[in-house]
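Since the structure comes first, as structure tokens, the remarks are kept for the end.
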Amino acid sequence: MGYGYNYADSVEVVEVIEVDAIEAVDSLDYVDYSLYGIIKNRDWDRLVLDREQALSVLEHLPSDAYGLNEKTMVKKLFTSKNLRISNQELLSYKRVRSIQVNNMGIFSYPYFACRFKRKDGKLFFEKISGSQRKSGFVYDNKPDSKVFLGGWSVNDEPQTTYDSDHSEPGMIYKVGTNKIIMVLLAPDEQSFEIYELTK
């Protein structure tokens, strides 16, 4: 994305233009290297290539795959402009639904309760209803993305962590006025899950 400068413009005007929206990434995403040592080495590619690889999975679904009528909707989530998002705003998101995509098709689920909260001095996300639940800490990345490092559990089992066998790394993007997504690419990069969140 290029920026032009007009000497007649004030600094404030330039900042308003930058805050408006950031173009959707059309190649590789970016993960801040300050998270080196926190993110497992095996997970770097899953985070950097998340949307690129997920779009590849989506485009290569077989013609008889389930839920193909939702393909356009899922693709739009990945290709929408990324808006800046703050930790304070994340605290207002309360509903989440899962969209799971693999070679069998696209499987969308209804919305369930979730929340972001402060825990141990950091931002923490948890899905608090439904049978499949993810929870974990959220880390700052770029102005238009966050990194999620957590784990998954089922029903009322204890929450798991990123350091467990149930670890889940993901990226968070704001793709609409009241919509964010969490992209969770499978270890084999042949399937993925989207958490779609609203306020």
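The values are calculated or read from the model by the stated rules, or taken from the named source; none is laboratory data. Quantities reported herein were computed from a predicted structural model and do not represent experimental measurements. Glycine also receives a Cβ, built like all others from the backbone with ideal geometry; neighbour counts cover every protein chain displayed. Accessible surface is based on the protein model in full, side chains and every heavy atom, while ligands, DNA and RNA are left aside. Shrake-Rupley method; radii C 1.70, N 1.55, O 1.52, S 1.80 Å.
Which of the residues belonging to segment 88-126 are of a type in the set (Lys, Arg) and part of a strand (DSSP E or B)? Before you say what the answer is, go through the steps one by one.
Start the filter on segment 88-126 by keeping residues that are of a type in the set (Lys, Arg), which leaves 94-95, 97, 115, 117-119, 122.
Answer for segment 88-126, where residues must be of a type in the set (Lys, Arg) and part of a strand (DSSP E or B): Arg95, Arg97, Arg115, Lys117, Arg118, Lys119, Lys122.
All of (1) within 15 Å of the chain's Cα centre (by Cα); (2) open to solvent by 70 Å² or more (accessible area, probe 1.4 Å); (3) at pLDDT 95 or above hold for Thr72 with one exception: (1). Taking first residues from segment 148-167 that are open to solvent by less than 30 Å² (accessible area, probe 1.4 Å) and partners that are assigned to a loop (DSSP other than H, G, I, E, B) and of a type in the set (Phe, Trp, Tyr), the Cβ contacts under 8 Å between residues at least 6 apart in sequence or on separate chains come to Leu149/Tyr162; Gly150/Tyr162; Gly151/Tyr162. Pairs are defined by a Cβ separation below 6 Å, a sequence spacing of at least 6 or placement on different chains, a first member in segment 38-50 that is surrounded by fewer than 19 Cβ atoms within 10 Å (Cβ to Cβ), and a second member that is of a type in the set (Asp, Glu) and in a helix (DSSP H, G or I); no pair meets this definition. Candidates in segment 87-107 are the residues that are surrounded by 16 or more Cβ atoms within 10 Å (Cβ to Cβ) and over 15 Å from the mean Cα position of the chain (by Cα); of these, the one that is farthest from Lys142 (Cα to Cα) is Gly105. Looking only at residues of segment 33-61 that are assigned to a helix (DSSP H, G or I) and of a type in the set (Val, Ile, Thr), we find that the one that is farthest from Met182 (Cα to Cα) is Val57. Checking each residue in segment 127-168 for being assigned to a strand (DSSP E or B) and among the small types (Gly, Ala, Ser) picks out Ser135, Gly136, Ser145, Gly150, Gly151, Ser153, Ser167.
Mind checking whether some residue in segment 117-125 is farther than 20 Å from Leu35 by Cα, under 15 Å from the mean Cα position of the chain (by Cα) and in contact (Cβ under 8 Å) with a residue 24 or more places away in the chain? Explain how you work it out, then say what you get.
Within segment 117-125, the first condition is being farther than 20 Å from Leu35 by Cα, and the residues that meet it are 117.
After this cut, where a residue has to be under 15 Å from the mean Cα position of the chain (by Cα) as well, the list is none.
No: segment 117-125 contains no residue that is farther than 20 Å from Leu35 by Cα, under 15 Å from the mean Cα position of the chain (by Cα) and in contact (Cβ under 8 Å) with a residue 24 or more places away in the chain.
When Arg84 is tested against (1) open to solvent by less than 70 Å² (accessible area, probe 1.4 Å); (2) under 15 Å from the mean Cα position of the chain (by Cα), only condition (1) is not met.
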